[in-house]
Amino acid sequence: MKIIKKISTMQSISDELRKNNKIIGFVPTMGALHKAHIAIIRKARKENDIVVVSIFVNPLQFGPKEDYKKYPRPINQDLDICKKENVDFVFYPSVKEMYPYGKSFTYVEVKKFRGILCDKFRPGHFCGVSTVVAKLFNIVKPHKAYFGEKDYQQLKIILRMVKDLNFDIKIIPVPTVREDDGLAYSSRNLYLSLKEREVAGNIYKSLIYCKNLILNRKFKSIKKCIEEAKNYLHKMLSNVEHSIQYFEVYDDNLDVVNNNIDKIPKNTKLRIFAAVYIGTTRLIDNLGFKI
Ligand SMILES: Nc1ncnc2c1ncn2[C@@H]1O[C@H](COP(=O)(O)OP(=O)(O)O)[C@@H](O)[C@H]1O
Ligand SMILES: [Mg+2]
């Protein structure tokens, strides 16, 4: 396994690999690797000749009051995991290498999927994501790139960016990987206290609860199902400080659906989204299903 810190080095390695007809699979991460990252790396390992993992905590995608400084950076542990998973190259650049001119910069901004869900509460976040991913695509030059469904809005934005800007890269979605109690793996789970961790699985349970209310036509309206699911979640989290930032239902394409459940066409793919603060830790999750 090789650790690459320079953009130009990564680019020439990828050029050489492509000349030799090697298929390059790319897994972008911010490090603090967990079991979901490992599942993604294993999928990439199976489907490509060469696997490149990037580890870069991207300052551009953090708001001024967010956790950029305290985001975990256990680099040695991450490199051990990559080695064990037979990763070929870890691209691990410095902030200076990625942004030599600071914030005066060319940005990539996907205008669709805006103003809703995470974008409503993290202005500029997705612009930071699409910009760094576009850069990483030009640096790593992969044939395929892997993104998790846990960050569903991000996945949709990247798919749209690739389409609109004609990146010759296949985006491969990876289903959400969960702990036994349903909590979606996330590097930010490390922030949870023991007491908070014990109840955090209820976020996923509340998504299932909401899905069942909708599928069983317990109420006529989506809004009422959401309200009941939020009540359920508040009850399940009553032992810890918490707040629900959003709890919403869209279709699979992040378009608004009819509030009247009977008016939603059969076989429509719905998706329930939640962002929840447990203590000071912000966690997101989503669940897709067919009506
Ligand atoms: N529980 C999970 N299931 C599936 N994919 C995930 C999960 N957690 C993270 N990912 C994916 O891993 C990639 C890197 O995400 P990263 O920001 O490093 O991790 P996290 O979101 O856990 O902090 C993203 O494509 C993200 O969607
Ligand atoms: Mg993340």
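Reported count of residues in the stretch 131-154, each being within 13 Å of ligand 1 (Cβ to nearest atom), assigned to a helix (DSSP H, G or I) and under 27 Å from Pro100 (Cα atoms), is 4. Go through the residues of the stretch 11-21 one by one and say whether even a single one is at pLDDT 95 or above and under 21 Å from Leu190 (Cβ atoms). So far as the stretch 11-21 goes, no, none of its residues is at pLDDT 95 or above and under 21 Å from Leu190 (Cβ atoms).
Of everything listed in (1) assigned by TED's automatic domain parsing to the domain that holds Asp262; (2) small (Gly, Ala, Ser); (3) within 16 Å of ligand 1 (Cβ to nearest atom), the single unmet condition for Gly182 is (1). The set of residues from the stretch 169-197 being outside any helix (DSSP H, G or I), more than 14 Å from ligand 2 (Cβ to nearest atom) and touching a helix residue (DSSP H, G or I) at 6+ places or on another chain (Cβ under 9 Å) comprises Ile169, Lys170, Ile171, Ile172, Pro173, Pro175, Arg178, Glu179, Asp181, Gly182, Leu183, Leu192.
Within the stretch 201-222, being touching an Asp or Glu at 6+ places or on another chain (Cβ under 8 Å) and either of a type in the set (A, V, I, L, M, F, W, C) or within 16 Å of ligand 2 (Cβ to nearest atom) (or both) holds for Ile203, Leu207, Cys210, Leu213, Phe219.
Looking at Leu207, Leu192, Leu159, which is the one that is over 19 Å from Leu33 (Cα atoms), in the same structural domain as Asp255 (by TED's automatic domain parsing) and in contact with a strand residue (DSSP E or B) (Cβ under 8 Å, 6 or more places away or on another chain)? Full working, then the answer.
Numbers: Leu192 fails: over 19 Å from Leu33 (Cα atoms); Leu159 fails: in the same structural domain as Asp255 (by TED's automatic domain parsing).
Sole residue among the options that is over 19 Å from Leu33 (Cα atoms), in the same structural domain as Asp255 (by TED's automatic domain parsing) and in contact with a strand residue (DSSP E or B) (Cβ under 8 Å, 6 or more places away or on another chain): Leu207.
Results for (1) out of contact with any helix residue (DSSP H, G or I) (no Cβ under 9 Å at 6 or more places or on another chain); (2) not aromatic (Phe, Trp, Tyr); (3) not assigned by TED's automatic domain parsing to the domain that holds Ile139, shown as yes or no for each residue.
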| position | (1), (2), (3) |
| --- | --- |
| Ile40 | yes, yes, no |
| Ile81 | no, yes, no |
| Phe89 | no, no, no |
| Ser94 | yes, yes, no |
| Met98 | no, yes, no |
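The values are calculated or read from the model by the stated rules, or taken from the named source; none is laboratory data. Not measured: the values here are computed from a predicted model. For neighbour counting, all protein chains shown are included, and Cβ atoms are generated from backbone atoms with ideal geometry for every residue, glycine included.
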